[in-house]
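Structure record follows, encoded as structure tokens.
The values are calculated or read from the model by the stated rules, or taken from the named source; none is laboratory data. Bear in mind that the values here come from a model prediction, so they are computed numbers and not experimental data. Cβ: placed from backbone, ideal geometry, glycine included. Neighbour counts: every protein chain shown. Quick note on the areas: whole protein, heavy atoms, side chains included, nothing else; ligands and nucleic acids left out. Shrake-Rupley method; radii C 1.70, N 1.55, O 1.52, S 1.80 Å.
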Amino acid sequence: MRIKKKKVILKINGKSARFNLSKHQISFLKDKFNVNDIEELDDSIIKLLKSKLMVLTDTRQKKKKKYKIWDIVTCVILASFSSVESWYEINDFIVLHYDWLKVFLKMSGGIPTRQTIERIMSLIDNRELESILTNFFITITSLNSNEKDIINLDGRVDKSSARNKTFYNDKANPLNSLNAYSNNYGICLASEMIDEKTNEIPTVKEILKRFSIKDVIVTWDALNTQTENVKEVISMNGDYVVPIKGNQGNFFEDLKLYFDDKKLETIIAGNTKSAYLKINEKSHSSIITYEYFQTNDVSWYFDKDKWAGLKTIGLVKKTIGLSVNYKLAVSKL
């Protein structure tokens, strides 16, 4: 186990599996519960973590289950709270805190060796573990907010992972991933590796199945604005606000024609079916003006039934000096 940048990373099945508890989040947890020493952590938090980890899939043979899988993983997570950086240090952590750990864990096999810890962790489905830890973090932070969460789906390219062809190695393309970020909780809810940028489209539906989006607003870039992805959000009782660009062909052109100067003036004047908001921001030596136009007048669009749950369409007008930029969007809200 090593700490790289702000992520706790484990080697699972030969691949890097990211824990969704970053150094910042671990620090947040310690501050939240006023913990300076790990043994000061409230037992209820440990029991909650253990209860969530008890659903982990265990592929070991029954006769070889000397240790409970959730005991080992709980120890690893608690060790990460203490910022350990290797499997050896995890073993040292368990030795040091063994009596305390036995209060809420079975530790049926005694103190596990470094090899045992690493072997058991290698058997775990990192997607399943990621989902459990995300749910754990959300449960204990429990925001008291009436605002809907916004989940942003965003593709990332790790350019540093690319390799040129050499005498010893073949060429390696950069790693691509599709990530789901929670606006309220400030964490990555799920991450899915993809072969290349264009493979984001079919991956959207897969990554949405890994967490609940009920009463959540989902957004993404224009590449993923597809009728099938929108339908998936609606089927999971979620909402969406997504951009429309040239890849939607006729729909994009129809929206540009709809939001002409006359229509924008009507919305600004206070049309009952519309909403208008103007915001000024200062950036360096410039004043940026954002104007948001939204209307639920969608009955004119002949193909609206293809867009599940479509309720409103909108336009964002961005003005910097003499430069004006427009962005179009559709929404279930």
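The table below gives the values:
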| read-out | value |
| --- | --- |
| Prolate/oblate/rounded label for region 62-180 (Cα gyration tensor, a/c 1.5) | oblate |
| Within a Gaussian network of the chain (alpha carbon springs, distance under 10 Å), most fluctuating of Lys263, Lys245, Lys205 | Lys263 |
| Choice from Lys304, Lys63, Lys278 showing the highest fluctuation, given a GNM over the chain with Cα pairs closer than 10 Å | Lys63 |
| Computed accessible area, Met54, all protein chains, 1.4 angstrom probe, square angstrom | 90 |
| Farthest toward positive dipole pole in region 60-188 [+1 Lys/Arg, -1 Asp/Glu at C-beta], among Ile150, Ile187, Ile69 | Ile69 |
| Excluding exposed DSSP-loop chymotrypsin sites (Phe, Trp or Tyr not before Pro) (at most 11 other C-beta within 10 Å), longest clean stretch of the chain | 1-166 |
| Mean separation of Cα contacts under 8 Å, 6 or more apart, over the residue count of region 210-333: relative contact order % | 24 |
| Cα-centred dipole magnitude for region 99-185, charges only on beta-carbon of K, R (+1) and D, E (-1), debye, nearest 20 | 380 |
| The chain: calculated mean residue ellipticity at 222 nm from DSSP helix runs of at least 4, using -39500 (n - 2.57) | -9500 deg cm²/dmol |
| Accessible area per residue in Å² at 1.4 Å probe, computed on the chain | 57 |
| Nearest-20 debye value, region 151-301 charge dipole, Cβ charges on Lys, Arg, Asp, Glu | 320 |
| About the Cα centre, charge dipole magnitude for the chain (Lys/Arg +1, Asp/Glu -1 at Cβ), debye | 980 |
| With every protein chain in place, region 216-305: carbon and sulfur % of accessible area (1.4 Å) | 49 |
| Farthest positive-ward along region 241-312 dipole, Cα basis, beta-carbon charges - from Gly249, Ile279, Tyr301 | Ile279 |
| Sites excluded, GluC sites (Glu not before Pro) in DSSP loops with at most 11 other C-beta within 10 Å, longest stretch of the chain | 1-146 |
| Percent RCO, i.e. relative contact order, over the chain, from Cα pairs under 8 Å lying at least 6 residues apart | 10 |
